[in-house]
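Everything below concerns the one structure shown next.
The values are calculated or read from the model by the stated rules, or taken from the named source; none is laboratory data. These numbers were taken from a predicted model, which means no experiment stands behind them. FYI the Cβ positions are ideal-geometry reconstructions off the backbone, even for glycines, and counts take in every protein chain you see.
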Amino acid sequence: MNPSHDPSSPSSDNTASVNATDPELAQALNVLEEGIAALRQRYNSVVQAQADKQEVRVRINRAQNELRQHRTKQVEEELNNLQNKLEEIELTLESQLFSWSSLKEPFWQIVRFGGIGIIIGWVLRSLI
């Protein structure tokens, strides 16, 4: 197969003609690329937060062992600080996976179809 005639290659004449004749497609591709970049960034931050969480858990275990051996004020403070940091990381992970903007479309679909259901119910009720 000749690589110059490969329709999937980015330098093919088909891609150039589509981009030149369909600005909506080019805009949609740009939006898709931005979405993929945002998703990649969110994924990287979640992976980093999970690694931080694991590291903090190891440090908490060490501090708890040290606290059992030498009950000092400094070890207790370090343990409290590590537990607070772990809670912050878990909150960050939860906020990365859940956002209000992700509920916007399902919310409006529920409103739309729920409203249609109520209207159909009223119409059927009035006919009976």
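Looking at N14, N61, N19, N30, can you tell me which residue is closer than 30 Å to T92 by Cβ and either modelled with pLDDT under 85 or under 25 Å from the mean Cα position of the chain (by Cα) (or both)?
Result: N30 is the single residue among N14, N61, N19, N30 that is closer than 30 Å to T92 by Cβ and either modelled with pLDDT under 85 or under 25 Å from the mean Cα position of the chain (by Cα) (or both).
Test L93 against the criterion of being at pLDDT below 80 and either more than 28 Å from the chain's Cα centre (by Cα) or among the aromatic types (F, W, Y) (or both), and give yes or no.
no
If you check every pair at least six apart or on different chains, which have Cβ atoms under 6 Å apart with a residue in region 56-72 that is on the phi > 0 side of the Ramachandran plot first and a residue that is surrounded by 13 or more Cβ atoms within 10 Å (Cβ to Cβ) and part of a helix (DSSP H, G or I) second?
none
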